[in-house]
1. Once fully extended, how much extra length lies between D204 and Y164, figured as 0.36 nm per residue of separation less the alpha-carbon to alpha-carbon distance?
2. How many angstrom lie between the Cα centre of the stretch 73-106 and the Cα centre of the stretch 164-212?
3. In the chain, how does Rg compare with the Kirkwood Rh, expressed as the Rg/Rh ratio over alpha carbon atoms?
4. Given K26/K131; K54/K93; K54/K111; K37/K93; K26/K93, which pairs have Cα atoms separated by over 29 Å?
5. Which value in nm describes the separation of the simple spin-label points at Q173 and D149, placed 7 Å from the Cα toward the beta carbon?
6. Enter the angle in degrees (range 0 to 90, nearest 10) between the Cα long axis of helix 169-182 and the first principal axis of the Cα atoms of the chain, meaning the one along which they spread out most.
7. Report, to the nearest 10°, how far helix 65-81 tilts away from the longest principal axis of the Cα atoms in the chain, using its own Cα long axis and a range of 0 to 90°.
8. Of W161, W184, W189, how do they rank once you tally other Cβ atoms within 10 Å and put the fewest first?
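Rule-based calculations on the coordinates, nothing more; no lab input. Since we're looking at a predicted model, the values are computed, not measured. With ideal geometry, Cβ positions are generated from the backbone for all residues, glycine too; neighbour counts draw on all protein chains shown.
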Amino acid sequence: MKKLLYVIVALLICACGGAGQIPAWKEKGCSQLDEYKNSFLTGREASTEPHFEKARKEIAAGNDLGLLTIAYLTKYALHTASLEPFDASEFAKLYRLEPHPGDMAYCHFLKGNFSAVDAKALPARYAGVLKAAVNRDAAAAGRGIAAIDDPLSRLIACGAWTRYLPADETILQIGIATASANGWRRPLWAYLERLQNYYLENGDPAKANSVSERLKLLRK
């Protein structure tokens, strides 16, 4: 079974061998996918989708459905990290042609289908979060998320919980801290907005107003 997205950066595939051994289409595809990731997270809207489309075309030229699947899962993961919905129809088409348990496990995780995830096929770093999600244990989820070393993987785990399960202040604060430390504006604003709503829903308008004021300053 192939390894899947331990850091959610398709450039890891390009790192397998020296530069002269990497086909041009793969090098260009991975480079564009990495640019897509950076543009997405930093909120450079104008260049985000063009980078993904260029990556898709380069990978398609190499007839590598496995890498193309990773490209789409990377896209879905970034949306999850930013608390945004996504359409998994393209993944479904690719999976029918080249099914891999790890791909489906990861897609289920991103879609919030936690009970359907094959825990053995999911990257090990998400094991604690998955178990906590199945049990709806926010405290355990917070500990599991905080233990994830890779910041993007940590943010994806925050997003998977926050999108599909009741909001938790600790998890939201982890998301905010992770996005802030890396200068990832798009998810930062999303988590601040969700934290503001959390305070409003829990009867703390003073804290909600403080978050609102912070957002106004950051968005200038």
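1. On the way: separation 40, 0.36 × 40 = 14.40 nm, distance 2.27 nm.
Contour length minus the Cα-Cα distance gives 12.1 nm.
2. Measuring centre to centre over Cα atoms gives 25 Å.
3. Details: Rg = 17.8 Å, Rh = 18.0 Å.
Rg divided by Rh gives 0.99.
4. Working: K26/K131 36 Å; K54/K93 20 Å; K54/K111 25 Å; K37/K93 23 Å; K26/K93 21 Å.
Listed pairs above 29 Å: K26/K131.
5. 2.5 nm
6. 50 degrees
7. With both axes taken from Cα atoms, the answer is about 10 degrees.
8. Working: W161 28, W184 25, W189 18.
Exposure proxy ranking, most exposed first: W189, W184, W161.
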